Amino acid sequence: MNISKLTAVLENEPKFRYAQINKALFQDYISSWDKASSLPKVLRERLIEECPLEIKAEVFKTDSGHRSEKALITLEDGEMIETVLIRQRGKKVEPGLKKATGENVASARNTVCVSSQVGCPLNCAFCATGAAGFKRNLSAEEIVEQVVFWARRLKEEGKDEKIDNVVFMGMGEPFLNYKEFIKAAKFLNNPETLNIGARRLSVSTAGITEGIKRLAGESLQMNLAISLHAPNDNLRYELMPIVKKYLLKDIFRAVDDYIRKTGRRVMFEYLMIKGINDGDREALELTGLMKKPLYMVNLIPYNATGKFRPSDRERIESFREILEENGVPATVRLSFGAEIGAACGQLRGKKK
Ligand code: SF4
C-alpha cells in the first residue's frame, strides 16, 4: 500500500473527496479502488495507477487456542516487518440483560501490535529483533498500514468486529522514531480516519527518557509502558545494553514527571526469564521501586528465543504474590503464540 501521492492526485478535486476517501480506506477498509463506488471512475483509475492499496503479507496462525495471528508484511523496498492480531474473547456483562435474565454476553476485543522500525538498534539480549540488527525507521504510513491490514482481515471474515486497541510493542523502539510514531498514533486516533480512542493506544519504551518527556507534552493521552525487565541497573545492563545511557533513576524521574503532568498510570513490563530475573530477591527489589501511586507491574511470560528460558508458571505466580503482598499491583499477561515464534522478531528472523 502506498498512498503518498494521494494529495497530488486530489489536487484539483473538491474538498469532500478527502472525506470520501478516508471513509473508503479507513472505515470501509477497501482493498481495491474499484470498490470505492462513491468516487468517479476516472479518479478511481488514476488512484489504481498511483496509489496501490495491496498489502503484501503472509499470515501465520497459532494453534495455542489463544487465537492470535501474526503477519509478516513485505514493504515496498522488500524489507519485512511483523505485526500481531490478538483476539480476546471474554464474557461481558450487559447491565440490562443481567438484571432481566442474569445472562452474560460474550465480548470480542481485538488488539493489534505494531512495529515501529525494521529491526531495532537496542540489541536486548533476550530479543530476536535486536539480534538481527537495525535497518531503518518505518514511516507513519507503514505503521498505520499494519492496523489497516488486520482491519481488512476482520472485515473479510464477515464479522461485525473492529480493531479496539493498538499497542506499539512490536519490532523496534518507538521513541527512537518519535516523529513517525506520534504521527501514526494521531492518525489512528483521528475521528475522520480509524477513530481509535487515545486510551486504547499504548506505547512501550525501553526507557528513552527524551521520548517519555515528549509524550508527556502531547495532547494525545495514550498509555505508556516501560520495558523494565530488571530491578537494578547491573542486571538490566546484562539484558539491555541501552541502560548504559538510560539509568533507572533517570527513567523514574521522567516517569514521575509524566505522571505529574498527565495524571495517568504507567505500566512497567517485566519479562520473566528463568534463573535470571525471577527470584524472590528480584521480586523484593522490584517492590522497593514500584511502591508509588499510579505505578503498575505487568509480568510477561518469556517466549524463548535463544540462550534464555521462560520462568515456570509457579515461579511467575510466586513472584506476583510477593509484589501484591507488598502492596504493588501486578498482573500476568497471557502469552500468545509461542508456537509461531510470537516473540518479536522471531518470525522475520526465520524467514530471512
Ligand atoms: S526488546 Fe524491543 S527494544 Fe529491545 S531489541 Fe527487541 S525490539 Fe528492540
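The values are calculated or read from the model by the stated rules, or taken from the named source; none is laboratory data. Every value quoted in this text rests on a predicted model; they were computed, and no experiment measured them. Neighbour counts run over all protein chains shown; Cβ positions are idealised from the backbone, glycine included. To get the accessible areas, we keep the full protein, side chains included, count just its heavy atoms, and leave off ligands, DNA and RNA. Shrake-Rupley method; radii C 1.70, N 1.55, O 1.52, S 1.80 Å.
Results, tabulated for the structure shown:
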| quantity | calculated |
| --- | --- |
| For the chain: accessible area per residue (Å², 1.4 Å) | 48 Å² |
| Cα-based helix-to-principal-axis angle, 248-262 vs the chain, degrees rounded to 10 | 50 degrees |
| Rounded tilt (10° steps) of 313-325 against the dominant C-alpha axis of the chain | 80 degrees |
| Helix 178-189 vs. the chain, principal-axis angle (Cα, 0 to 90°, nearest 10) | 60 degrees |
| Quarter of the Cα convex hull surface for region 168-267, i.e. its orientation-mean projected area (nm²) | 6.2 nm² |
| Volume per residue of the C-alpha convex hull in the chain, rounded to whole Å³ | 162 Å³ |
| Length gained when the stretch A304-K179 is fully extended (0.36 nm per residue, less Cα-Cα span) | 41.8 nm |
| Sulfur and carbon atoms: percent of accessible area, the chain [1.4 Å] | 50 percent |
| Lysine pairs within region 243-325, Cα separation less than 20 Å, 8 or more sequence positions apart or different chains | 6 |
| Mean separation of Cα contacts under 8 Å (6+ apart) over length of the chain, as relative contact order % | 15 percent |
| Label point at A108 placed 7 Å out along Cα→Cβ; residues across region 160-183 whose backbone nitrogen lies under 15 Å | 160-165 |
| Per-residue HN-Hα couplings for region 293-305 [Karplus 6.51, -1.76, 1.60; θ = phi - 60°; Hz; x = Gly/Pro] | x, 6, 8, 9, 10, 10, 8, 10, x, 7, 8, 4, 10 |
| Helix-derived mean residue ellipticity, 222 nm - over the chain, DSSP H n ≥ 4, -39500 (n - 2.57), to 500 | -10000 deg cm²/dmol |
| DSSP bridge orientation in the chain - percent antiparallel, rounded to nearest 5 | 50 percent |
| Exceeding the 24 Å Cα-Cα cut-off - candidates K23/K70; K35/K162; K23/K135; K135/K183 | K23/K70; K23/K135 |
| Exposure of S202 as accessible area (Å², to 10), given a probe of 1.4 Å and all protein chains | 20 Å² |
| Most fluctuating residue given options Q221, Q146, Q88, as computed from a GNM of the chain linking Cα atoms under 10 Å | Q88 |
| Virtual spin-label span in nm between E49 and R281, 7 Å along Cα→Cβ | 7.0 nm |
